[in-house]
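S.K.: First the structure, then my questions, so here it is.
The values are calculated or read from the model by the stated rules, or taken from the named source; none is laboratory data. Everything numeric here is computed off the predicted structure, so don't read it as measured data. A quick note on method: Cβ atoms are made from the backbone with ideal geometry, for glycine too, and the neighbour counts reach across all protein chains shown.
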Amino acid sequence: MNSSNPQESIATSDQEPTTPSRTFISILLRSALSIFSARTLGLLSAAIIGNASAAKEDRFAFYFYFHEPEDFLSESFNGNPPAPAVLQFDNSNKEVVREVFERYYPAPRIRYWSADGYTAWIFDDVGKEGYQPTTSAFLVKDGQIIDARVLVYRESRGQEVGEEFFLEQLEGARSNGKRLTQEVDAITGATESVYMMQRMARTAIALDGLVD
């Protein structure tokens, strides 16, 4: 006696059989979607990275690079700069620096180069709080500015302080309290930067005085 259920036979016969061609097409579709998704994600990532790089370039686009530190040191010491030394700040000398730098130096020590009575200093300062730092270099002997350079100026205005016509005003200057012994001309729109350079020059002179 046949015990099979006619309803089950009908249901089974109604199911669409899975053919090799349909399976192959399904695999192709899934692969295509995976490739499309990966490519789309890759393009999106590239766009994000590209935008970030462009933003970074825009950020540094207005930086003014005047001199390399190595060139300044080489010129200052006749092509043979000495090895750097370190001035460590203690409770006494950090107050000396604060008087002219108008705040505590932000590091516990500073590098300098010294030979034949000359000292060279490279450090940062800002025109005022919130400004980008300017990197400058000074050559000092016996408490007098021999040479002054701006290495990198990072503000969009006031870059004239890095030009020779301005910096030559600092040469020969000595410190006189919160001023220099030489008059320094103002630059329209760069008052804070002009004062910053004078402050940095006085700081370099004070640092020179701390070296044995």
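S.K.: Filter region 156-194 for residues that are surrounded by fewer than 18 Cβ atoms within 10 Å (Cβ to Cβ) and among the hydroxyl-bearing types (Ser, Thr, Tyr); which is modelled with the lowest pLDDT?
M.R.: SER156
S.K.: Report, by residue number, each residue of region 195-212 that is loosely packed, with under 14 Cβ neighbours inside 10 Å and touching a Leu at 6+ places or on another chain (Cβ under 7 Å).
M.R.: VAL211
S.K.: Further, regarding this structure: Suppose we filter region 180-194 for residues that are of a type outside the set (S, T, N, Q) and closer than 12 Å to ILE205 by Cβ; how many remain?
M.R.: Final tally of qualifying residues: 1.
S.K.: Select from region 64-94 the residues that are outside any helix (DSSP H, G or I) and aromatic (Phe, Trp, Tyr) and write down the one among them that is farthest from SER136 (Cα to Cα).
M.R.: Result: PHE89.
S.K.: Of the conditions (1) over 20 Å from the mean Cα position of the chain (by Cα); (2) assigned to a loop (DSSP other than H, G, I, E, B); (3) exposed (fewer than 10 other Cβ atoms within 10 Å of the Cβ), GLY130 fails just one. Which one is it?
M.R.: It fails just one condition, (1).
S.K.: Examine region 149-168 for a residue that is touching a strand residue (DSSP E or B) at 6+ places or on another chain (Cβ under 6 Å) and under 16 Å from PHE77 (Cβ atoms), and state whether such a residue exists.
M.R.: yes
S.K.: Would you please list the contacts, defined by Cβ atoms under 7 Å and residues six or more apart or on different chains, that run from a residue in region 180-195 that is among the acidic types (Asp, Glu) to a residue that is at pLDDT below 95?
M.R.: Close Cβ pairs satisfying both conditions: GLU192/GLY127; GLU192/LYS128.
S.K.: Would you point out the residue of region 167-189, among those that are more than 29 Å from the chain's Cα centre (by Cα), among the small types (Gly, Ala, Ser) and in a loop (DSSP other than H, G, I, E, B), that is farthest from ASP142 (Cα to Cα)?
M.R.: GLY177
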